[in-house]
Amino acid sequence: MDNGYFSNETTVQGLQDLNQKEKVPQPLSPVTARPLILRRPTEFSAAQDGVDSVKDQKNAMSKNTLSITDNRTGKTYESEITDDTIRSMDLRQIKVGEDDFGMLGYDPAFTNTASCRSAVTFIDGGKGILRYRGYPVDQLAEKTSWLECAKLVLDGELPSKDELAQFESEVAADAALPEGFENLISAFPRDAHPMGRLISMFGALGTYNTESKIVHDAATRKKHITRLIAQVTTIAAYNYRHSKGLPF
């Protein structure tokens with residue numbers, strides 16, 4: 001489910017409106033590492049369902065489009081508005097001559113361009129808000145495990161005790177790296193930047209896991225997502241040992 005657009009520096013105004021009254025969700029229990037009662041802010045639920053009652057009322061009273069008049073030709077064009085956003089491709093219909101390519105949007109710093117919709121992450125840097133699947137990231141960092149967060153991002157909900165145990169078992173079973181992979185790690189200088197090494201190793205794993213390119217099959221995607229989550233921890237451990245001159 002989509003819950004809104006975001007860009008590099010800011011969300012579009014439609015999502016910012018959802019946070020005009022920021023509500024603090026009930027904190028995680030300090031007694032346990034798992035949340036007992038953790039509710040998403042109500043604004044997230046509204047966005048996730050694609051429902052904004054205030055906007056629905058406004059839309060019912062007015063036409064939800066943007067009219068653009070080209071003063072060069074006097075022609076007027078309309079573009080549909082969704083979450084206070086128009087599609088840049090709608091500008092292509094604005095032409096002076098029939099053979100023209102059409103109008104383009106110019107945004108070199110990507111400061112006011114939405115690239116996608118996200119049901120995973122909500123970010124408002126100006127207000128210091130970062131949520132995964134609606135849960136504040138600071139609470140997740142303090143009170144849940146890494147694999148709980150991974151499962152949350154994948155499924156949209158925090159796992160139950162049994163679901164987490166099953167996921168941990170699946171990850172543990174896939175933690176081993178392909179045979180000979182440590183030779184690739186050893187080929188890097190010990191002081192090489194960790195992210196550069198990690199990117200290279202992810203690319204290398206793709207040459208071993210050729211089935212992972214079947215991205216339209218849900219079962220195959222799940223299998224390789226789990227495998228990658230498992231193997232990244234082993235890669236990190238191997239790289240640390242290599243940087244310290246220790247054997248694998």
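The values are calculated or read from the model by the stated rules, or taken from the named source; none is laboratory data. Keep in mind the model is a prediction, meaning the values are calculated, not measured. Cβ placement follows ideal geometry from the backbone for every residue including glycine, while neighbour counts extend to all protein chains displayed.
Pull out all pairs, ordered by first then second residue, where Cβ-Cβ is under 9 Å, the residues are six or more apart or on different chains, the first lies in the range 227-243 and is within 13 Å of Glu182 (Cβ to Cβ) and in contact (Cβ under 8 Å) with a residue 40 or more places away in the chain, and the second is assigned to a helix (DSSP H, G or I) and of a type in the set (Lys, Arg).
Matching pairs, first to second residue: Ile235/Arg197; Asn239/Arg197; His242/Arg197.
All but one of (1) touching a residue at least 12 places away in the same chain (Cβ under 8 Å); (2) within 25 Å of Gly134 (Cβ to Cβ) hold for Pro178; state the number of the condition that does not hold.
Going through the list (1) touching a residue at least 12 places away in the same chain (Cβ under 8 Å); (2) within 25 Å of Gly134 (Cβ to Cβ), Pro178 breaks only (2).
Go through the range 76-102 residue by residue and tally those that are in a loop (DSSP other than H, G, I, E, B) and out of contact with any Ser or Thr (no Cβ under 9 Å at 6 or more places or on another chain).
Total meeting the criteria: 8.
Please list, ordered by first then second residue, the pairs with beta carbon atoms under 8 Å, 6 or more apart or interchain, first in the range 106-118 and part of a strand (DSSP E or B), second among the hydroxyl-bearing types (Ser, Thr, Tyr).
Cys116/Tyr5; Arg117/Tyr5
Within the range 208-218, is there a residue that is of a type outside the set (Asp, Glu), over 24 Å from Leu154 (Cβ atoms), touching a helix residue (DSSP H, G or I) at 6+ places or on another chain (Cβ under 9 Å) and modelled with pLDDT under 95?
No; the residues of the range 208-218 include none that is of a type outside the set (Asp, Glu), over 24 Å from Leu154 (Cβ atoms), touching a helix residue (DSSP H, G or I) at 6+ places or on another chain (Cβ under 9 Å) and modelled with pLDDT under 95.
Is at least one residue of the range 196-216 out of contact with any strand residue (DSSP E or B) (no Cβ under 8 Å at 6 or more places or on another chain), in contact (Cβ under 8 Å) with a residue 40 or more places away in the chain and basic (Lys, Arg)?
yes
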